[in-house]
Structures are given as structure tokens and as C-alpha cells.
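Encoded as C-alpha cells, the structure appears first; notes follow it.
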Amino acid sequence: MKYLTHIARLLVAATFIFSGFVKLIDPLGSAYKFQDYFAADVLNLEFLSPFALPFSILLILAEIMLGVTLLIGFKPKTTVWSLLVLTLVFLFLTWYSAYYDKVTDCGCFGDAVKLTPWETFYKNVILIGLIFLLLFTIKNIKPIFGKNVVKWISFAAFMVFLYIVYYVLTHLPLIDFRPYAIGKNIPEGMVIPEGAKPDVYEDTWIYKVNGEDKEYTTAEKPWEIEGATFVDRKTVLIEKGYEVPIHDFSMERDGVDFTEFLMQKEKLVLIIMHNLSKTETSLLPKIKEFSTKALQEGYDVYAMSSNKEADFIKLKEEYNLDFDALFCDDITLKTMIRANPGIITLDKGTITGKWNANDADKVEL
């Protein structure tokens, strides 16, 4: 039984440490995911949306710290019971997402590993089973070092994790798993490769036959039934095919799409301000200084926002900005860079650099 305990301990600890780490380096991504859950059409807890970031940080720290304390054997009873409570919460959220098809990506492993809601749910079921095993054999969980040593290891780990959160929020995620990482080409990420598996749909046909509405499959060809009258058709996705890494990306202005034109530019700078009402305006003087330098260096400079052009013009006049704005979807912009404002440089559609506006004076042109 001791060997089973050790195996379960390692598996659970490794899962929580990995899951916590990939979210720790990108807490804004987790905050956006919580906003999805808080939305009116999911859990209807929109009043919690302003607290999504602190809530995500708290949960991330709890997740990774519980993995660490389980691994080193610090306060095993408290740790295992806390793991059970946390996993039960995750279990409910993933079941809700899967059953009601509300949030298609729970974000349990950040952007590093993508799982469907049902895959995540079953993963949590397995974790629950392993944690119950740990509860019944908790006496076998011993500290790997002395009690004082594991206590100080836990404290040191917590301080390191806190610093990482501060650093990535001030700058950018330490590792970028998204399709807009440095070195990625945006136009290439929008192309479906030859031979890629398409989505598979199933049609259900409703025809009125002998005065009664009946459902038929496509193979039954109800349109060939004599006297049958078409009523409706229902289409359901039964198997997801290949999905391009980059979608919903556009660069529009006044109804004109400049994407193809601008993706050919060798010197292009994008100032990402996904939501102007949430943009850190205190950083706009830095952006102004940087954009002036970039224009002098021969770069084309544009802001990208999901707001109306009139909203950007007010900001442009107030801060004497020397560039215009292009429209793009809010979710896409938040995926491109975890900063508001943030800076991206491109060469013929390939991302060559990304910076938080805090580091505008460090941008290499």
C-alpha cells in the first residue's frame, strides 16, 4: 500500500505543480477564463468579473503550493483535504462546461495543453480517485526532509511564485504557448493545410408526412417520400476537424480590411489596446515616445483595438498620439499579447518582438 501511496502522491503533486506553473506564468489568461465562467450565459456571476484577476492569482498560488507541499510532505493532512476540496470545485466547473457546452476550453493547463471539457472532467475524476487513496493512507505521507526544512522550502517556494506573478504582470509571460508567440507567422497560422481533417456534421431532417412531423436521417432521404413536406433541418457537429491556430484576426478600418496589405510590411509595429476603457493610460506617454522613434526608423505604426474609432480618436487627441487605429476582435487581441497597452513588431507577418508598454524604452527596432 505504501508504494501505491507514493505513486498517487507523485502523480497528484506533478499534475498540480504543472497545472499551476503553466497558469502562474500567464495569470491574465486564467483571469480571462474566469470571466468566461462568470458571464451571464454561464454561471451568471458577472458581478465577480472585476475580481477575476485576484481570484485567478489566489487559485493559481493555491494549486501550485498544494502540489509542492504534497510532494515534500509538508502538513500532509491539511494538504490532502485542501486538494480534495479544490478538485471537487474543478470537477463541478468542468462538468458544467461539458454538459451545457458553455466554455469549450476550461484552461486547466493554460495554453500549454488543450483538453476538451469532457477530457478535463475525466481527468478530474481520476484525480479525485487518487486523492481519496491518499486520504485513506495519509499516514504513509512523510516529509522528505526534516519538518523545519520542508516548512522553509514551502515558504521559499511561495515567495518565488509571488515574484513570478509580479514579474509576468509587469512584463509578459515567461513562456508563450499561444499562436502569436515570437517567431510565429500570422498569415501562415490562418491557412488550413492540404489534407486537413474537416469538421463532421450530422443532419436531422424534419418532414411532414401524413399530417405528422417526423425526423429522418440524410440516409433515409425523406425528400423522396411521396407527399412529404419539408419543415426544418437540424445540423449538429459530431466530430471536430482541424482548426487553424489563428482565427478571427483582422485589421479593419472604416469597413476596409487591411490585413493582407499590412502583413506584407517588413517594418510594422502594432500597439495593442484591446479595450480602451481598461488601457493603462499612464503608459501612453511612453508609447508616444516609442512610436515617434519607430516612425523615424521607417516603421508603419498602428494601434489595434476592439473599440469604435471615435473612442480612439479621443484618446489620440488627449495624448497627442501619432498613429491611427485598426479594429480587431477583443478576444483575439487579448490572445495576441497579455498587456494593455502592449507592443508587437512584425516582419512580413512574422512576429519579431513583443513587449509590455512598461518596457517601451527597451524595444529593439
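The values are calculated or read from the model by the stated rules, or taken from the named source; none is laboratory data. Since this is a predicted model, take the numbers as computed values, not measurements. Cβ: placed from backbone, ideal geometry, glycine included. Neighbour counts: every protein chain shown. Note: areas computed on protein heavy atoms with side chains; ligands, DNA, RNA excluded. Shrake-Rupley method; radii C 1.70, N 1.55, O 1.52, S 1.80 Å.
For this structure, a couple of remarks:
- Top-ranked residue of the stretch 9-33 - restricted to ones that are among the charged types (D, E, K, R) and surrounded by 21 or more Cβ atoms within 10 Å (Cβ to Cβ), ranked as farthest from I331 (Cα to Cα): R9
- Taking the conditions (1) within 25 Å of the chain's Cα centre (by Cα); (2) open to solvent by 20 Å² or more (accessible area, probe 1.4 Å) in turn, K314 satisfies each one other than (1).
- 1 or more residues touching a Pro at 6+ places or on another chain (Cβ under 9 Å): qualifying strands (runs of 3 or more DSSP E) within the stretch 311-365: 350-356
- Given (1) open to solvent by less than 70 Å² (accessible area, probe 1.4 Å); (2) small (G, A, S); (3) within 21 Å of M336 (Cβ to Cβ), index of the condition S277 fails: (1)
- Residue in the stretch 32-43 that is acidic (D, E) and farther than 17 Å from V165 by Cα present: yes
- Exactly one residue among E243, E215, E266, E260 is over 30 Å from R178 (Cα atoms), open to solvent by 70 Å² or more (accessible area, probe 1.4 Å) and not β-branched (V, I, T), and that residue is E215.
- Filter result for F132 (buried (at least 16 other Cβ atoms within 10 Å of the Cβ) and in contact (Cβ under 8 Å) with a residue 24 or more places away in the chain): no
- Screening K221 against (1) at positive phi; (2) open to solvent by less than 60 Å² (accessible area, probe 1.4 Å) leaves a single unmet condition, (2).
- Selection of first residues in the stretch 143-155 that are touching a residue at least 40 places away in the same chain (Cβ under 8 Å) and part of a helix (DSSP H, G or I) and of second residues that are open to solvent by less than 70 Å² (accessible area, probe 1.4 Å) and of a type in the set (S, T, N, Q), restricted to Cβ pairs under 7 Å at least 6 apart or on distinct chains, gives the following pairs, ordered by first then second residue: S154/T69.
- Options L58, L70, L43, L86: the member that is part of a helix (DSSP H, G or I), in contact with a helix residue (DSSP H, G or I) (Cβ under 9 Å, 6 or more places away or on another chain), open to solvent by 10 Å² or more (accessible area, probe 1.4 Å) and aliphatic (A, V, I, L, M): L86
- Among the residues making up the stretch 193-212, a single one is of a type in the set (A, V, I, L, M, F, W, C), surrounded by 12 or more Cβ atoms within 10 Å (Cβ to Cβ) and either in contact with a helix residue (DSSP H, G or I) (Cβ under 7 Å, 6 or more places away or on another chain) or not in a strand (DSSP E or B) (or both): W205.
- Taking (1) free of Cβ contacts under 8 Å to residues at least 12 places away in the same chain; (2) in contact with a strand residue (DSSP E or B) (Cβ under 8 Å, 6 or more places away or on another chain) in turn, E243 satisfies each apart from (2).
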